[in-house]
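Below is one structure, written out as structure tokens, with a few remarks after it.
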Amino acid sequence: MQAGLKAAQAQCPPGQRLALAGPKDFDALAAISAEAAAFVGLDVFGLQDAAFFASIRERGAVILQILRHDIPEGYSVVGPAAQMAGLFAGEDDKGLLFGTALRAGLRGQGWQRRMIRLRCAALFAAGFGGAKAFVSPWNHASLTNLLGDGFAVVSHDFSYYQRHRFIVERPAKGWGALGAGETQALTLPPDGDLEDHRHLLASGWRGMDMARPQMLYRR
Ligand SMILES: CC(C)(COP(=O)(O)OP(=O)(O)OC[C@H]1O[C@@H](n2cnc3c(N)ncnc32)[C@H](O)[C@@H]1OP(=O)(O)O)[C@@H](O)C(=O)NCCC(=O)NCCS
């Protein structure tokens, strides 16, 4: 992670930098989480408080903070999937990206894409065979960023914050031939029907591209 951090510093917008976060920073990160959750709604982004950050750090998560003029205005988390969520208990070779959250002033500068790339590179360099993340079907901006960086929607789940979530995944070696076959476009919620998406996912289709408000499935 340290090597990746060093490389990423060079791509930070002026006045901004990345640093590892520890317990003294958790209250500030919790305040950022609260602002982000209020911005998109609790259905889309669950609250992450100081106790949450302490708990995931205990279990091996790395918490990155984004500072602007030395004040934390964003964060992003990565950790071993099997230790981060009971749902992935058997998946020791996967890492989990946690939601990136930004204060309003940091948005629109490519931070989510930058953090997706940094965390995936760190996971794959450490030998993990894939990266996973939860993302709300209503969070079209995040889906665009994740699918744009090699992730695909592989399933639907309701255990994370007891809200609808797509599970997205990116194998370290990429998706190979998947995507060369049939395609099918489905409109995303709120206008589309989540049941249609669940049906396609259960039948082995993978959501691989965004054409808002639609997602393009392939198999
Ligand atoms: C998701 C998030 C991290 C993306 O940040 P980002 O890297 O700046 O992303 P992008 O530049 O791709 O822009 C994402 C959205 O923010 C909007 N945005 C850009 N600049 C903005 C600003 N200054 N103020 C408010 N919104 C802004 C963009 O219009 C875009 O929305 P749209 O695609 O619906 O038009 C950020 O929006 C956020 O903190 N959201 C709340 C928490 C969250 O949903 N986390 C992700 C969980 S998977």
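In plain terms, the residue of LEU42, LEU106 with the fewest other Cβ atoms within 10 Å comes first and the most crowded comes last, giving LEU42, LEU106.
Footprinting exposure proxy ranking of PHE98, PHE151, fewest other C-beta atoms within 10 angstrom first, gives PHE98, PHE151. The spacing between segment 155-219 and segment 77-99, judged by their C-alpha centroids, is 20 Å.
Just to confirm the filter: which GluC sites (Glu not before Pro) across segment 120-219 are DSSP coil and have at most 10 other Cβ within 10 angstrom of their Cβ?
GLU182
Taking the charge dipole of the chain about its Cα centre, with +1 at Lys and Arg Cβ atoms and -1 at Asp and Glu Cβ atoms, the residue from GLY22, MET84, ALA152 reaching farthest to the positive side is GLY22. For GLN214, the residues 5 or more places off, or on other chains, whose built amide H falls under 5 Å of its own are LEU188.
Rounded to the nearest 0.05, the FRET efficiency derived from the C-beta distance between LEU42 and ARG219 at R0 = 30 Å is 0.35. Take the Cβ atoms of ALA51 and ARG212, set R0 to 41 Å, and the FRET efficiency comes out at 0.70.
About its Cα centre, the dipole of segment 149-191 is roughly 160 debye, where the only charges are +1 on Lys and Arg Cβ and -1 on Asp and Glu Cβ. Each of the peptides 186-193, 171-178 was scored by the mean count of other Cβ atoms within 10 Å over its residues; in descending order, highest first, they stand as 186-193, 171-178.
Rounded to whole numbers, the Karplus 3J(HN,Hα) couplings from phi for segment 151-165 are 7, 9, 6, 10, 6, 10, 8, 10, 8, 7, 6, 6, 10, 5, 9 Hz, using 6.51 cos²θ - 1.76 cosθ + 1.60 with θ = phi - 60°, and x at Gly and Pro. Listed values for segment 167-172 are Karplus-derived 3J(HN,Hα) couplings in whole Hz (6.51 cos²θ - 1.76 cosθ + 1.60, θ = phi - 60°), namely 9, 10, 9, 9, x, 4, and x replaces Gly and Pro.
Throw me the Rg/Rh for the chain, computed over C-alpha atoms with Kirkwood Rh, two decimals. That ratio is 0.95, to two decimals. Multiplying the residue separation of ALA89 and GLU182 by 0.36 nm and removing their Cα-Cα distance gives an extension gain of 30.3 nm.
Just so you know, all these numbers are worked out from the coordinates, no wet-lab data involved. This is a predicted model, so every value here is computed, not measured. Heads up, the Cβs are rebuilt from the backbone with ideal geometry, glycines too, and the neighbour counts pull from every protein chain shown.
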